[in-house]
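Novice: My questions will all concern the structure given below.
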């Protein structure tokens, strides 16, 4: 295969490994026509494993994981949160963080952590000490402009300008400004690009305000930015079940790796959504070993799903089990219009708890089996492959030929494929269908192990100015993956 910019319509097969005539038919007329069964790294079909013997082999699974994979997936919460750096600046006006957070935030009385400062500088004092008055005034005017724009238009996600504080070389000063601005103006976010602090509208704030009051949205984002350990944030009581579901979904979608949400009755038995930070290894000193053991529970199981996407199934199971979707790990996603069997591991759920699901999930087209304890989650690609059992319907030969030799030609085709194999190719389902870069070019770069080139080809923008292409252009110019991700719109 040679590199070219050939139009996609002429990238068709010109040579074949086999010389049989072939035949036509339809697949996936029903989900049961397409059965996919995962093959684990021991070469076993995941719906046929013997649990007792498989647990004895769990050491082999452990060897397949490397520290690099674990580190790359781990969400790090820096113990030296930026506000700790703020306290290094000599200013007299210092007070406890809980004074400038929403009263809905409650901190445990026994909270102690020697590694994190318990007090912060007043946000106004920080801004006054680090920014010149003209810059502070421009920042305030920009904030007012954002609020005015949002209040005067009903359009969600309206494009707003950015404001720059200029280049600031001192990392501690930048950290102080990030925290102070986000507390003073929770509807704004700040990012650093090449030492320059950029201030822009927080689209998450605008979306959340569609579900709760502005006061609640501001309080939640202040709570989120402060990261006070053992603290909780409660929204106002909401008797609308559907709206509570929307709030839960929004918070878990946007911040699910950092927080967890649940609805609890208040003193008047009205349901209140309460948010707390997820506990991480090293996030705080636990009082006893039992607490630590609870969070190290991993349960493996085989998931059978029918006519459902993998992520849709995970969202449903997480709601039933009271955990987060991110507590599930798996080796890869499976087809939707099919019956699929795949291995999964869920964190913080015991085997007994998983078995209790029983018939509760069957109405959704799900079932769980082969349940046993393991010591760690799965990772993407941790499998040997998949077995496909496919029913092809409406069989016929090409060009309306006589069907007298239909069975003979089908058998010949199958034998040839079994003997000689077939060529897989990089179709549009892998990387989408672009006009400037074709999927074969990306595939060729991957085959040549030119990973950087493959990524840059994948991010080559099209000739349009939509948000996705703006993000692609920005990535190619800066190679700033984090900022690029923030620019991309939300998709399922």
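Novice: Does residue 378 fit the bill of being in contact with a helix residue (DSSP H, G or I) (Cβ under 9 Å, 6 or more places away or on another chain), in a helix (DSSP H, G or I) and either in contact (Cβ under 8 Å) with a residue 60 or more places away in the chain or surrounded by 15 or more Cβ atoms within 10 Å (Cβ to Cβ) (or both)?
Specialist: No: the conditions fail for residue 378.
Novice: Just the residues that are modelled with pLDDT under 75 and in contact with a helix residue (DSSP H, G or I) (Cβ under 7 Å, 6 or more places away or on another chain), please, taken from segment 432-442.
Specialist: 433
Novice: If I go through segment 224-237 residue by residue, how many of them are outside any helix (DSSP H, G or I), touching a helix residue (DSSP H, G or I) at 6+ places or on another chain (Cβ under 8 Å) and crowded, with 18+ Cβ neighbours inside 10 Å?
Specialist: Adding up the residues that qualify gives 4.
Novice: Right, something else. Tell me which strands (runs of 3 or more DSSP E) are completely within segment 313-374 and hold 2 or more residues being in contact (Cβ under 8 Å) with a residue 60 or more places away in the chain, or say none if there are none.
Specialist: Passing ranges, in order: 339-347, 366-374.
Residue-wise test of (1) assigned to a strand (DSSP E or B); (2) in contact with a strand residue (DSSP E or B) (Cβ under 9 Å, 6 or more places away or on another chain); (3) at positive phi.
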{"site": "144", "(1), (2), (3)": "no, no, no"}
{"site": "174", "(1), (2), (3)": "no, yes, no"}
{"site": "190", "(1), (2), (3)": "yes, yes, no"}
{"site": "204", "(1), (2), (3)": "no, yes, no"}
{"site": "207", "(1), (2), (3)": "no, no, no"}
{"site": "222", "(1), (2), (3)": "no, yes, no"}
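Novice: Please work out if residue 161 is in a loop (DSSP other than H, G, I, E, B), modelled with pLDDT of 80 or more and either under 31 Å from the mean Cα position of the chain (by Cα) or within 20 Å of residue 486 (Cα to Cα) (or both).
Specialist: Against the criterion (in a loop (DSSP other than H, G, I, E, B), modelled with pLDDT of 80 or more and either under 31 Å from the mean Cα position of the chain (by Cα) or within 20 Å of residue 486 (Cα to Cα) (or both)), residue 161 does not qualify.
Novice: What's the number of the only condition in (1) assigned to a loop (DSSP other than H, G, I, E, B); (2) closer than 30 Å to residue 19 by Cβ; (3) touching a residue at least 40 places away in the same chain (Cβ under 8 Å) that residue 412 fails to meet?
Specialist: (1)
Novice: Tell me, yes or no, whether segment 383-390 has at least one residue that is on the phi < 0 side of the Ramachandran plot, in a helix (DSSP H, G or I) and surrounded by 12 or more Cβ atoms within 10 Å (Cβ to Cβ).
Specialist: No: zero hits.
Novice: Also: Taking segment 242-266 as the search range and keeping residues that are assigned to a helix (DSSP H, G or I), without any contact (Cβ under 8 Å) to a residue 12 or more places away in the chain and out of contact with any helix residue (DSSP H, G or I) (no Cβ under 9 Å at 6 or more places or on another chain), which one is farthest from residue 179 (Cα to Cα)?
Specialist: Step by step, filter segment 242-266, then rank; the result is 242.
Novice: Related question: Can you say whether residue 442 is part of a loop (DSSP other than H, G, I, E, B) and surrounded by 13 or more Cβ atoms within 10 Å (Cβ to Cβ), as far as the supplied structure shows?
Specialist: No.
Novice: Output yes when any residue across segment 283-298 is buried (at least 17 other Cβ atoms within 10 Å of the Cβ) and at pLDDT 90 or above, and no when none is.
Specialist: Yes; the residues of segment 283-298 include at least one that is buried (at least 17 other Cβ atoms within 10 Å of the Cβ) and at pLDDT 90 or above.
Novice: Let me ask something additional. Quick check on my filter: what residues within segment 173-182 are touching a residue at least 60 places away in the same chain (Cβ under 8 Å) and either within 26 Å of the chain's Cα centre (by Cα) or within 20 Å of residue 482 (Cβ to Cβ) (or both)?
Specialist: 175, 178, 179
Novice: Another one. If I filter segment 354-361 for residues that are over 28 Å from the mean Cα position of the chain (by Cα) and surrounded by 15 or more Cβ atoms within 10 Å (Cβ to Cβ), do I get at least one hit?
Specialist: The answer is no, given that none of the residues of segment 354-361 is over 28 Å from the mean Cα position of the chain (by Cα) and surrounded by 15 or more Cβ atoms within 10 Å (Cβ to Cβ).
The values are calculated or read from the model by the stated rules, or taken from the named source; none is laboratory data. Here the structure is a predicted model, which means the values were calculated and not measured. Using ideal geometry, Cβ is built from the backbone for each residue, glycine included, and neighbour counts are taken over all protein chains shown.
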